[in-house]
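Presented below is the structure to which this report refers.
The values are calculated or read from the model by the stated rules, or taken from the named source; none is laboratory data. What you see is a predicted model, and the numbers here were worked out from it, not measured in a lab. Positions of Cβ are backbone-derived with ideal geometry, glycine not excepted, and every protein chain shown enters the neighbour counts.
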Amino acid sequence: MAQFQEAIERFRELFEAAKASNEVTEPTAMTLATCGASGQVSARTVLLKGFDERGFVFYTNTLSRKGRHLAENPRAALTFLWSPLGRQVLIEGQASFVSDAEADAYFASRPRLSQAGAWASRQSEALAGKEALEQRVADIEAQYTGCQIPRPPHWTGYRVEPDLIEFWAAGEGRLHERDRYWLEGGQWRHSLLNP
């Protein structure tokens, strides 16, 4: 378990450095890769909304392509690339829903337009025109005039519980440094890797 704690602390230090850097535009941006039952792999950028020893959290519409993939195959990979720092982190693991209380609290903290958008957007479906989406947002706003917009039942968070965390540091002549931490047989292990 000490090696897992070491990996989480290393991530925390890198993440704080990325947040402190004026050159990293969006330090919370991470590529999320999923694979549905068909075997078709898909990747997109999402935002990290929290992490601790339990895993790495992002929020989305469960009816989206990524939500459907995770329902069929709950394995996911996350990649952070902080180019100005010459650093990258790869995380692989099992995705599961955050608690309703966590999802409710995060949803309540979002700007009102983002809350309305979570109801209005039929994420990953074809859209006839931007006006249709804008009208659905206006309808949601009207429906909840003067009161809090509740979290949609199809919108929540996912926590990726890692079983692999790999750190990459740029090296001269492409002699990059790679450190891999992984779970094997119930024990966390650590090894350097060739670049």
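Worth a mention:
- Of the set (1) farther than 30 Å from Ala126 by Cα; (2) more than 15 Å from the chain's Cα centre (by Cα), all apply to Leu90 but (2).
- Out of Leu14, Leu47, sole residue that is at negative phi, crowded, with 18+ Cβ neighbours inside 10 Å and not acidic (Asp, Glu): Leu14
- Residue under evaluation Leu63, criteria (1) in contact with a His (Cβ under 7 Å, 6 or more places away or on another chain); (2) in a strand (DSSP E or B), criterion not met: (2)
- Within the stretch 163-191, tally of residues that are touching a helix residue (DSSP H, G or I) at 6+ places or on another chain (Cβ under 8 Å) and closer than 30 Å to Ala103 by Cβ: 5
- Complete set of residues in the stretch 178-194 that are surrounded by 10 or more Cβ atoms within 10 Å (Cβ to Cβ) and among the hydrophobic types (A, V, I, L, M, F, W, C): Trp182, Leu183, Trp188, Leu193
- Qualifying residue in the stretch 7-16 (condition: in contact with a strand residue (DSSP E or B) (Cβ under 6 Å, 6 or more places away or on another chain), more than 16 Å from Tyr181 (Cβ to Cβ) and either hydrophobic (A, V, I, L, M, F, W, C) or part of a helix (DSSP H, G or I) (or both)): no
- Within the stretch 27-41, one or more residues are over 12 Å from the mean Cα position of the chain (by Cα), of a type outside the set (Phe, Trp, Tyr) and part of a strand (DSSP E or B).
- Test: residue in the stretch 98-114 that is surrounded by 15 or more Cβ atoms within 10 Å (Cβ to Cβ), without any contact (Cβ under 8 Å) to a residue 60 or more places away in the chain, more than 24 Å from His69 (Cα to Cα) and among the aliphatic types (A, V, I, L, M): no
- Of all residues in the stretch 174-193, those that are at pLDDT below 95 and either of a type in the set (S, T, N, Q) or under 16 Å from the mean Cα position of the chain (by Cα) (or both) total 0.
- Residue in the stretch 164-173 that is at pLDDT 95 or above, over 30 Å from Met1 (Cβ atoms), surrounded by 16 or more Cβ atoms within 10 Å (Cβ to Cβ) and touching a strand residue (DSSP E or B) at 6+ places or on another chain (Cβ under 6 Å) present: no
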